[in-house]
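Encoded as structure tokens, the structure appears first; notes follow it.
The values are calculated or read from the model by the stated rules, or taken from the named source; none is laboratory data. Predicted model, so just to flag it, every value in this text is computed and none were measured. Virtual Cβ from ideal backbone geometry, glycine too; neighbours counted across all protein chains shown. Accessible surface is based on the protein model in full, side chains and every heavy atom, while ligands, DNA and RNA are left aside. Shrake-Rupley method; radii C 1.70, N 1.55, O 1.52, S 1.80 Å.
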Amino acid sequence: MLPENDLISVEASVLDNAQCGLEFQGVDYWILAGTGVLLPMAILILGWL
Amino acid sequence: MSKQFIKISQSSLPVPLYKRNWNGFILGAVLTTTGIATWSFVVGGTAGIYLDAKMGAAAMLAGGLIGQMLTTLATVPVSTKHGLETAITTVPQLGIRGSYFGLLIVYCTALGWNSVLLIFFGRSVGSALAVLGLVTPEQRDTSAWAASAIALILIALLVTRGAKSLSKIGPVVAVSIILLSIWMMWVLVNEFGIDAILTAQPLEPAAGRLLNYTIVTEMLIAGTFGWWGYMGGLTMMASSARRALMPSMLGLGAAWTLVAIVSLVGTLMTGESDPTVWIGEIAGPIGTIIVLAFISIANLSSALIGGYVATLGVKTIVPSIGHRFSWPVVTAITLAPMLIMLLFFANFMYDNVGIFMAFLGLMIGPVIGIQIADWYALKRRHTLQVSHLFINSSESRYWYWKGFNPAGIAAVALGSLTYLLILDPLTLVPHVSFFQYTTATLPSVLISAVSYYALSRVFHKHLEPKLDQSSQSIKEEKGADQYEPHKS
């Protein structure tokens, strides 16, 4: 016999108004650009030389 | 005003903020564990065909970081903001039914890689038993086959425990893997010396220094895109995007390429990409056993995470399965094809996984492109209605046209076509000369993002009124009486 499923009914507004996690802030984009663009470019140049 | 209720499987619910309790170390460890497995050695070995140690290390590290930056931009903001796994986050871009395509990518990535990892794990166990004299050479294949099947069953049992098992196993495995990688590099440096390693020549480079450099960079960008399917299911356990940022970049952007660099050096110095062979030549049977144990741990933990994200995706996206069955049953349903693959098609899968993953990889880049365009350029970050992701009917504002978003589907097709026109994903031979300046993956991401943005603006007038109307109809026509609470 299959175990019982875990289906529930949730009010849509509960999902839409749930507390959210913080998004990236300004400094996070700089870190992302630094580690994902500038650092790889520097590594590629150093590797080429 | 009547309230609207949505039927949803409890384990598919977005993870609420108070339950997202993974700190940066745990997330980084789990992501590192995900990234490091047999594929690190395969990629490092392949890089040794094209580049020497210095250029190969640079191209792999840079490619990994570039690829992971784009993957992070596509997945981390939405998953950490709303607690969502990857496949469900494709609903706004592809549509309610179109998101099955997103799930297909997640599932096939896990299916393909898990099969290979478990086959490799089985073979490692078979070889270790043979080295130790516990089985005869004739019994090695049988013991390998049995070890693969037992490992998958063990993984299924761990997946039934959900994310808890990952957070407990991840840190231990990650630290072990890093220590063993350092030991392997030390063995190589001790045996051959730094000078010999730096002057070793690539095995069979293509014509042109820049072309070889770009091929390896491209290989790592596309390879890193393979983490896309794993990202949401793991980063949704972090409470903010910032908390997931560096673990993502270091764990999946850098860590697996560092192991690939060990493999690159081993390949250049011995001409053999299989670490169990070259470490045996240098460090003897004990070294072989240690490396086999290392690869076994790495493969098992990566396969566990693959099994977990695939199960989560199926549970969330497919109502006919997710709504009917409990998490353990969905785990069994999700992992059963992997068991069939291991039992009956192991060699076929192992021999053709490169082709399988190449075609999968060329579709992930465009999906990443449309997700970035959607979140930032079309400002989905401000308008996403989480409840509508889980309404599997035309009442969802993400139903679009017959359940598909034409803009997203067309953009993914255009992005994939762009990739195919630039590079043959099977042979890594470029069709156009500008490949060496652009790679194939980056134009593919760009074309899909731009075309998705443009098409969404064009289709806006056709879709948006319908969306507003359908949203309104939900509020007016649906009430609690149509959504009877279901006992959990």
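Any residue at all in the stretch B:59-75 that's of a type in the set (G, A, S), open to solvent by less than 20 Å² (accessible area, probe 1.4 Å), under 26 Å from A:W48 (Cβ atoms) and at the interface with chain A (Cβ under 7 Å from one of its Cβ atoms)? Yes, some residue in the stretch B:59-75 is of a type in the set (G, A, S), open to solvent by less than 20 Å² (accessible area, probe 1.4 Å), under 26 Å from A:W48 (Cβ atoms) and at the interface with chain A (Cβ under 7 Å from one of its Cβ atoms). Return yes when B:T80 is part of a helix (DSSP H, G or I), among the hydroxyl-bearing types (S, T, Y), touching a residue at least 40 places away in the same chain (Cβ under 8 Å) and closer than 30 Å to B:I119 by Cα and no when it is not. No; evaluated as a whole, the condition is false for this residue.
Taking the numbered list (1) open to solvent by 70 Å² or more (accessible area, probe 1.4 Å); (2) under 27 Å from B:K7 (Cβ atoms) in turn, B:G403 passes all entries but (1). Taking (1) more than 20 Å from B:I105 (Cα to Cα); (2) buried (at least 21 other Cβ atoms within 10 Å of the Cβ) in turn, B:L389 satisfies each apart from (1).
Looking only at the stretch B:200-218, filter to residues that are open to solvent by 50 Å² or more (accessible area, probe 1.4 Å) and of a type in the set (D, E, K, R); which one of those is modelled with the lowest pLDDT? Across the stretch B:200-218, the extreme among qualifying residues is B:E204.
In the stretch B:464-482, the count of residues that are within 13 Å of chain A (Cβ to nearest Cβ), modelled with pLDDT of 90 or more and surrounded by fewer than 12 Cβ atoms within 10 Å (Cβ to Cβ) is zero. B:T89 falls short on exactly one of the conditions (1) more than 7 Å from chain A (Cβ to nearest Cβ); (2) touching a Phe, Trp or Tyr at 6+ places or on another chain (Cβ under 7 Å); (3) assigned to a helix (DSSP H, G or I), and that condition is (2). When the criteria are applied in full, B:A255 meets the requirement of being within 14 Å of chain A (Cβ to nearest Cβ) and small (G, A, S). Residues in the stretch B:40-58 that are crowded, with 24+ Cβ neighbours inside 10 Å and part of a loop (DSSP other than H, G, I, E, B): B:L51 only.
Looking only at residues of the stretch B:99-130 that are hydroxyl-bearing (S, T, Y), under 30 Å from B:T89 (Cα atoms) and open to solvent by 30 Å² or more (accessible area, probe 1.4 Å), we find that the one that is modelled with the highest pLDDT is B:Y100.
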